[in-house]
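Undergrad: Once you've had a glance at the structure underneath, I'll fire off some questions.
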Amino acid sequence: MKDLYARLGLEPEATLEQIEAAAKDSGHSESVAGVLLVPDHRAGYDHCHATLTAIGNLRKRLKLDDEPTWFTQECRDFVPRKKRAEAPEASASEPGERGPFPEPELSEEPSADRGLNWPVIAVIVIGVALAAWAVLR
Amino acid sequence: MSIGTSKLQGTRGDHKDQLANAVKLLLLWLAASDGDVDESEIEFADEHLPEAEESVSAEKLLGEIRAADLFRLEMALRVLGKESRELRASFLDMAVAMSMADREIAFTENHLLRFYADALFLGQDMLRARFRSVTGRDLPEPGDPGQAGFWDQGGQATRKRMPTSEESMRLAQAHTLLALSADTTLSELEQKYGELKKIFESERVAAMGPAAERVAAHRLERIEEAYLVVLAELSGGGS
């Protein structure tokens, strides 16, 4: 699903006049005319938009946004654009979020789905190998 | 009243309460996600919203879901994600059943099911398998509400509902609910009825708390009603 608002450079609260103006020469005029400029369609679209925005932000929080998941392929407009390295903390300015919130105290379930911290593992392995080498020598 | 504002904080309530409230919040998000809360969902909310003092309107229920912020939803997923694979799979069955409570799965419900499957470490393959087991159909693609054609074909708002308890269940609806074809045999009926009863039996979902039990019980009622309709038809007593 396309985020028509983002592609037009608008917020979901944009007026019809703003949408019409932004849609000109945007390459999305057909979708805009059939969705955002039809009140019933826009209401339904806005509901879907809000849900996908929440899902996209939750996927980011749960670290389910990095891998080429079905979601990131089909709904890439709703995957928060900032990389975690650039934005380590949740920002209240991101759509659908109310923050800042404290980090959850619960630990995550160990799972291959979440990825491994390979640099740390490499350091541990090298350290153990060096210690073994030192003992055996 | 705000869903889970105190009970999902995670430090005071015991584990059972945390799990029950996590399940409730996630199921309510699913129930309200299509923006079209039906009678069974309102009934469900009536019985299980902690401070519900009277009949819950659709608007009120939707308001409560909107009041649940991302942190609480994230916490709910983390609480449930720490449970056994069997319990997480059982939750997914409840979620599928709730999403299909009115026969068709909405765009937002479809996305939430896919999200829950990933967030609970179950994956899309298991979701597809569980969806087929519970509904007898393949999980459809959600479609694209960003295209005008999606809305011209009805969008997610115009959906056929399952009959309420006051209405008689028609044969076609019973077949759909039992995931059976129109030319089903008695042995197929008995087999599918047994499979679905196992999925929704109370012992399997009891650990998830009253919200999941309520969803399972409601689904089981509908399954039993559908079973009797199809059985009557196969026995020559159908109308």
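The values are calculated or read from the model by the stated rules, or taken from the named source; none is laboratory data. On a predicted model such as this, the values are computed, not experimentally measured, just so you know. Don't worry about glycine lacking a Cβ; one is built from the backbone with ideal geometry, like all the others, and counts go over all protein chains shown.
Undergrad: Find all pairs meeting these conditions: Cβ atoms under 6 angstrom apart; at least six residues apart or on different chains; first residue within region A:25-52 and closer than 13 Å to residue B:145 by Cα; second residue charged (D, E, K, R).
TA: Hits for this filter: A:36/A:42.
Undergrad: Something else about it: Could you tell me whether region A:55-75 includes any residue that is among the β-branched types (Val, Ile, Thr), at pLDDT 85 or above, within 20 Å of residue B:106 (Cβ to Cβ) and within 23 Å of the chain's Cα centre (by Cα)?
TA: Of all residues in region A:55-75, those among the β-branched types (Val, Ile, Thr) come to A:55, A:69, A:72.
Within this subset, residues satisfying the condition of being at pLDDT 85 or above are A:55.
Filter again for within 20 Å of residue B:106 (Cβ to Cβ), leaving A:55.
Narrowing the set further to residues that are within 23 Å of the chain's Cα centre (by Cα) leaves A:55.
The answer is yes; a qualifying residue exists.
Undergrad: I've got another one for you. Say whether the condition of being more than 10 Å from every other protein chain (Cβ to nearest Cβ) and closer than 22 Å to residue B:207 by Cβ is met by at least one residue in region B:103-111.
TA: Within region B:103-111, not a single residue is more than 10 Å from every other protein chain (Cβ to nearest Cβ) and closer than 22 Å to residue B:207 by Cβ.
Undergrad: Conditions: (1) modelled with pLDDT of 80 or more; (2) surrounded by fewer than 22 Cβ atoms within 10 Å (Cβ to Cβ); (3) under 25 Å from residue A:44 (Cα atoms). Residue B:81 meets all but one. Number of the miss?
TA: (3)
Undergrad: In region A:15-39, which residues are among the acidic types (Asp, Glu) and away from every other protein chain (no Cβ under 13 Å)? Talk me through it step by step, then tell me what you get.
TA: At the first step, the residues of region A:15-39 found to be among the acidic types (Asp, Glu) are A:17, A:20, A:25, A:30.
Across region A:15-39, the qualifying residues are A:17, A:20, A:25.
Undergrad: Any residue that is modelled with pLDDT under 65, at the interface with chain A (Cβ under 10 Å from one of its Cβ atoms), out of contact with any Gly (no Cβ under 7 Å at 6 or more places or on another chain) and under 30 Å from residue B:153 (Cβ atoms) - is there at least one of those in region B:36-55?
TA: Yes, region B:36-55 contains at least one residue that is modelled with pLDDT under 65, at the interface with chain A (Cβ under 10 Å from one of its Cβ atoms), out of contact with any Gly (no Cβ under 7 Å at 6 or more places or on another chain) and under 30 Å from residue B:153 (Cβ atoms).
Undergrad: Something else: Can residue B:120 be described as at pLDDT below 95 and of a type in the set (A, V, I, L, M, F, W, C)?
TA: no
Undergrad: Within region A:42-53, track down each residue that is of a type outside the set (Asp, Glu) and either surrounded by fewer than 19 Cβ atoms within 10 Å (Cβ to Cβ) or under 14 Å from residue B:34 (Cα atoms) (or both).
TA: Residues satisfying the conditions are A:43, A:44, A:45, A:47, A:48, A:49, A:50, A:51, A:52.
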